[in-house]
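Have a look at the structure below before the remarks.
Computed from the coordinates by the stated procedures, all read-outs in this text should not be read as laboratory data. None of these values were measured; they are calculated from a predicted model. Backbone-built Cβ (ideal geometry, glycine too); neighbour counts: all protein chains shown.
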Protein chains: 2
Amino acid sequence: MESPIKLLTILGSTGSIGENALRVVEAHRERFSIVGLSAHSNAERLIEQARRFHPRIVNIGDESKLDEVKSALAPESIQVTAGRIGLLELASRDDATLLLNAIVGVPGMEPTIQAVESGIDVALSNKESLVMAGDLIRRLMEEHSAALNPVDSEHSAIWQCLAGEKLEEVRRIILTASGGPFRNMPKSEFSKITVHDALNHPNWDMGNKITIDSATMMNKGFEVIEAHWLFNLPLQRINILVHPQSIIHSLVEFVDGSIKAQLGVPDMKVPIQYALLYPEHASADWKRLDLTSLGELTFEKPDYDKFRCLELAFTALKHGGTLPVVLNVANDTAVYAFLREQIRFPEIPELVSAAMDAHASIQDPALDDILETERWTKEFLQPKLD
Amino acid sequence: MESPIKLLTILGSTGSIGENALRVVEAHRERFSIVGLSAHSNAERLIEQARRFHPRIVNIGDESKLDEVKSALAPESIQVTAGRIGLLELASRDDATLLLNAIVGVPGMEPTIQAVESGIDVALSNKESLVMAGDLIRRLMEEHSAALNPVDSEHSAIWQCLAGEKLEEVRRIILTASGGPFRNMPKSEFSKITVHDALNHPNWDMGNKITIDSATMMNKGFEVIEAHWLFNLPLQRINILVHPQSIIHSLVEFVDGSIKAQLGVPDMKVPIQYALLYPEHASADWKRLDLTSLGELTFEKPDYDKFRCLELAFTALKHGGTLPVVLNVANDTAVYAFLREQIRFPEIPELVSAAMDAHASIQDPALDDILETERWTKEFLQPKLD
């Protein structure tokens, strides 16, 4: 049977996930038609990508670059829009069958909601969508029959291990965590951590914000929240396992005690491709895992006392409503303050905790409640950072 | 949906696999009705099992014990037969929907063939069936629409990893091997290995014959042959990986580089239950794997120079026909000769190799060809052991 062509839009196409996604498309040209591409501000790269992949439409976030992109792409007859409204329009175009949302940060949330409301399946790399609006997105997915395909290596691992299996036969899922650069540092030394120390991630090369989230383990807390919404499992059935080598990307334990794991080299092209061509494992010539050259694989319990962000994330998920929005936005604010050397490393969870304590959560939030909570959290933290 | 009751016959019910299978049945009484039980010679235990599980029929291999079993089970109105013919009749009874073949050694081959010819699905623990008659059994399975459910932990792992996946998307399967007790011993010292040394297996408590097969790694060679017939994969797509801790039971690599693995404690009840209740992971309270208490997991390439039995098994599979029969029977003969201290450890592969070299293989063998080759191999080796 011929597989249908995927009509694909990529939001955030000039970022690391977007670039890798286009490498996947390149490797399977006959399987994809590109509907749209969007970039935050890298006009030059967006133009190159558009010339190569011939989308119907591109969106550049930075409105001052509209003319540059427009004139460059005029000979290609590609429609060009700029700014936020154009981005949200692009996200809801139903001539796409699949949207890869690779936007980094809070601005990625609304495009996910737009796409799901338009009944478009979303390959989801943007973490904030489910962390901040998981409840809402879950409801919209059911209403509009849209699916979410996880892109994150951990969630992709769980998803792959669940292929052909029944959710009610799952005892728990186990998200692995590298433990970050401070796994073996005593808590008493955390206040001396510099930005340079924290940006030194052992296994993956990621952006600065997510690298700090990995160092505080907030990233893993976010992944627990995402896993909850992706796989419809309660918090008690989602565990974290520290696995410093990051070779096992995550595991699923079934009710009979059997455990399945997904392993691989740390190459995002593998989970991206799986999310784009699901349920197919398509042939690819990327670097392969050689288990015999690995040294050893080890496992540890996470240290919840040292990494307070984990508990904060669990609390946010347990209470639900708009509390996860506060978790996410307060963490964002605190991490950028740390990167600007305004606060010390241990103050990140302190600020998040203070905001969560002060917040009056709204249950079953609509989009407006989420956006209002985002504003509230920023305003609440502002005086503490001046 | 209610799952249908499995009408189950267990051959070799008083052995280790048989006893564990009855523990599985005990844990899920409502899911099974026992049609038949058979034991080689342990009449006492067979009687106990029959009183507990009320099969319609039992078979005792040792004909001298027929009267003992008959009189013990007369009040239970259970039919009792004895000897080989009764065993083969039991294997082909089509009031069973599933036959667990847990007979150890060559005598287990024909019951598998009988069951498959009768269209009965077989949960297969007996290795010799596929090693000696894989080609024939495969043909009969298609003809009679019977399935084989692997019981071995390695093959169960592969089978579980293949759930929901397509065989054409599998790049290779990777059978893990503990490497046995002589993994780190130089080949030059192999001639000094005593029976006592060889029976000291690091991870699993098994019978003597299979423990020696594990020490020579012939066991892993047999598993490669079994995997070939179970999963319909060519030899080049079946790899062996030494993993001394035996926690990862085997792995599957897909064409996109993604690898799935199945892990667990070394408890045969897990794969037995999966084979009996497939495709279900049924709830069970057995010992669970705690990855954080494991220490480390390591992986090595197998040493084909040291463990010559691996190459012999590959050769037998490559050439096919009746050569795998010679491999198996010659190995049987050699291992028992080693256990009786008639030959030294390095002579095991030497005898197998000599028999394989001398044999004129018959392609597409029928059962008679297999049985004739069995006789030929024994006769060929006899003079070398006197």
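About the Cα centre of chain A, what is the dipole size in debye to 20, counting +1 per Lys and Arg Cβ and -1 per Asp and Glu Cβ, all else neutral? Write out the running numbers ahead of the final one.
Details: 37 positive and 55 negative charges, 124 e Å.
Once rounded to the nearest 20, the dipole reads 600 debye.
Normalised by the number of residues in region B:268-373, what is the relative contact order in percent for Cα pairs under 8 Å and 6+ residues apart? Don't skip to the answer; put the middle values down first.
Numbers: 66 pairs, mean separation 25.8, N = 106.
Normalised by residue count, the contact order of region B:268-373 is 24 percent.
Place a +1 charge on the Cβ of each Lys and Arg in region A:1-152 and a -1 charge on the Cβ of each Asp and Glu, then give the dipole magnitude about the Cα centre in debye, rounded to the nearest 20.
Working: 15 positive and 22 negative charges, 57 e Å.
Dipole magnitude for region A:1-152 comes out near 280 debye.
Which residue, chosen from B:VAL255, B:LEU317, B:HIS243, occupies the Cα position most advanced towards the positive end of the dipole of region B:235-386, where the dipole is computed from +1 (Lys, Arg) and -1 (Asp, Glu) charges on Cβ about the Cα centre?
B:HIS243
Among A:147-158, B:139-150, how do they line up from the highest to the lowest mean number of other beta-carbon atoms within 10 Å? Could you put the intermediate results ahead of the total?
Working: A:147-158: 24.8, B:139-150: 16.8.
Highest mean packing first, the order is A:147-158, B:139-150.
Using DSSP to define loop residues, name the chymotrypsin sites (Phe, Trp or Tyr not before Pro) in region A:147-206 whose beta-carbon has at most 14 other beta-carbon atoms within 10 Å. Each step should come with its number before you reach the end.
Values: sites: A:TRP159, A:PHE182, A:PHE190, A:TRP204; in loops: A:PHE182, A:TRP204.
Taking region A:147-206 and a limit of 14 other Cβ atoms within 10 Å, the loop chymotrypsin sites (Phe, Trp or Tyr not before Pro) found are A:TRP204.
In a GNM of chain A with a 10 Å cut-off on Cα contacts, which of A:PRO324, A:PRO266, A:PRO107 has the highest mean-square fluctuation?
A:PRO107
Starting from the Cα of B:LYS301, draw a straight line to each of the aspartates and glutamates and keep only those under 18 Å, dropping any in the same chain fewer than 8 residues away.
Straight-line reach from B:LYS301, under 18 Å: A:ASP290, A:GLU296, B:GLU154, B:GLU223, B:GLU253, B:GLU311.
With every atom except the alpha carbons ignored, what do you get for Rg and Dmax of region B:253-310, in angstroms?
16.1, 44
For chain B, return all DSSP H helices satisfying: extent of Cα atoms along own axis at least 20 Å; mean Kyte-Doolittle hydropathy at least 0.5. Don't jump to the answer; show the numbers that get you there.
Working: long enough: B:127-144 (21 Å, -0.31); B:323-339 (24 Å, 1.31); B:367-385 (27 Å, -0.77).
Both cut-offs are met by B:323-339.
Just for the Cα atoms in chain A, what are the lengths along the principal axes, largest first, rounded to whole Å?
In descending order, the Cα extents are 61, 52, 41 Å.
Tell me the relative contact order for region A:210-321 as a rounded percent, counting alpha carbon contacts under 8 Å between residues six or more apart.
Relative contact order here is 38 percent.
Can you tell me what share of the DSSP beta bridges in the protein assembly as shown is antiparallel? A percent to the nearest 5 is fine. Write down the numbers at each step before the final one.
Working: 30 of 90 bridges.
Here the share of antiparallel DSSP bridges comes out near 35 percent.
Taking a 21 Å limit on the Cα-Cα distance, which of the listed pairs B:LYS70/B:LYS269; A:LYS6/A:LYS166; B:LYS166/B:LYS287; B:LYS269/B:LYS306; A:LYS260/B:LYS127; A:LYS127/A:LYS378 fall beyond it? Don't jump to the answer; show the numbers that get you there.
Values: B:LYS70/B:LYS269 30 Å; A:LYS6/A:LYS166 27 Å; B:LYS166/B:LYS287 32 Å; B:LYS269/B:LYS306 33 Å; A:LYS260/B:LYS127 25 Å; A:LYS127/A:LYS378 19 Å.
Too far apart for the 21 Å limit: B:LYS70/B:LYS269; A:LYS6/A:LYS166; B:LYS166/B:LYS287; B:LYS269/B:LYS306; A:LYS260/B:LYS127.
Return the long-range amide H neighbours of A:ALA177 (sequence gap of 5 or more, or a different chain), with a cut-off of under 5 Å between placed amide H atoms.
A:LEU241, A:VAL242, A:HIS243
Please list the non-local residues whose amide H lies under 5 Å from the amide H of B:ILE248, H modeled 1.01 Å from N, same-chain partners needing a gap of 5 or more.
Close amide H contacts, sequence-distant or interchain: none at all.
Note down the magnitude of the dipole of region B:228-299 about its Cα centre, charges +1 on Lys and Arg C-beta and -1 on Asp and Glu C-beta and zero elsewhere, to the nearest 20 debye.
Numbers: 5 positive and 7 negative charges, 28 e Å.
The calculated dipole for region B:228-299 is roughly 140 debye.
Does region A:233-386 classify as rounded, prolate or oblate by the C-alpha gyration tensor (a ≥ b ≥ c root eigenvalues; a/c under 1.5 gives rounded; else a/b over b/c gives prolate, otherwise oblate)? Walk me through the numbers on the way to the answer.
Numbers: a/c = 1.97, a/b = 1.80, b/c = 1.10.
It is prolate, given that a/c is not under 1.5 and a/b is the larger ratio.
Just flag the trypsin sites (Lys or Arg not before Pro) in region A:160-223 sitting in loop per DSSP whose Cβ has no more than 14 other Cβ atoms within 10 Å.
On the way: sites: A:LYS166, A:ARG171, A:ARG172, A:ARG183, A:LYS187, A:LYS192, A:LYS209, A:LYS220; in loops: A:LYS166, A:ARG183.
Filter output for region A:160-223: A:LYS166.
Region A:1-55 to region A:177-199: how many Å between their Cα centroids?
37 Å
Below 8 Å between Cα atoms, with a sequence gap of 6+, how large is the relative contact order for chain A in percent? Write out the running numbers ahead of the final one.
Numbers: 698 pairs, mean separation 54.9, N = 386.
Once normalised by length, the contact order is 14 percent.
What average number of partner chain Cβ atoms lie no more than 10 Å from the Cβ of the residues making up A:162-169? Working shown, then result.
Values: counts 2, 6, 7, 6, 3, 0, 2, 5.
The shielding value for this peptide is 4.
Given the C-alpha centroids of region A:317-386 and region B:236-250, what is the distance between them in whole angstrom?
47 Å
Kindly write out, for region A:173-184 in residue order, the coupling ³J(HN,Hα) from the Karplus curve 6.51 cos²θ - 1.76 cosθ + 1.60 (θ = phi - 60°), rounded to whole Hz, with x marking Gly and Pro.
10, 10, 7, 7, 9, 5, x, x, x, 10, 4, 9
Quick one: give the max-minus-min coordinate of the C-alpha atoms of region A:198-300 along each principal axis, largest first, in Å.
38, 38, 30
Of B:GLN114, A:GLY207, A:ASN59, which is farthest along the charge dipole of the protein assembly as shown in the positive direction, counting Lys and Arg as +1 and Asp and Glu as -1 at C-beta?
The residue sitting most towards the positive pole is A:GLY207.
Please list the non-local residues whose amide H lies under 5 Å from the amide H of B:SER33, H modeled 1.01 Å from N, same-chain partners needing a gap of 5 or more.
B:LYS6, B:LEU7, B:LEU8
If you take each beta carbon of peptide B:288-296 and count the beta carbons of other chains within 10 angstrom, what is the mean? Mind showing how you got there, number by number?
On the way: counts 4, 5, 2, 15, 8, 2, 3, 3, 6.
Mean shielding count: 5.
If I take R0 = 45 Å and measure r between the Cβ atoms of A:HIS196 and B:ARG288 in this structure, what FRET efficiency does the formula 1/(1 + (r/R0)^6) give, to the nearest 0.05? If you can, show how the numbers build up before the last one.
Working: r = 41 Å, r/R0 = 0.92.
Working from the Cβ atoms, E equals 0.60.
How much net charge surrounds A:GLY295 when only other residues with a Cβ under 15 Å from its Cβ are counted (Lys, Arg +1; Asp, Glu -1)? Could the numbers behind the result be given before it?
Numbers: positive: B:LYS301; negative: A:ASP290, A:GLU296, B:GLU296, B:GLU300.
My count for the surroundings of A:GLY295 gives -3.
From the gyration tensor of the Cα coordinates in region B:70-109, what semi-axes in whole Å does the equivalent ellipsoid have, largest first, with each one equal to sqrt(5λ)? Can you show the working numbers first?
On the way: eigenvalues 91, 37, 17 Å².
Each semi-axis is √(5λ); the values are 21, 14, 9 Å.
Counting partner chain Cβ atoms within 10 Å of every residue's Cβ in B:248-256, what's the average? Each step should come with its number before you reach the end.
Numbers: counts 6, 2, 0, 4, 1, 6, 10, 6, 16.
For this peptide, the per-residue mean of nearby foreign Cβ atoms is 6.
Per q in 0.06, 0.07 1/Å, what log10 I(q)/I(0) does a Debye calculation on the alpha-carbon atoms of the protein assembly as shown return?
The computed values of log10 I(q)/I(0) come out as -0.46, -0.60.
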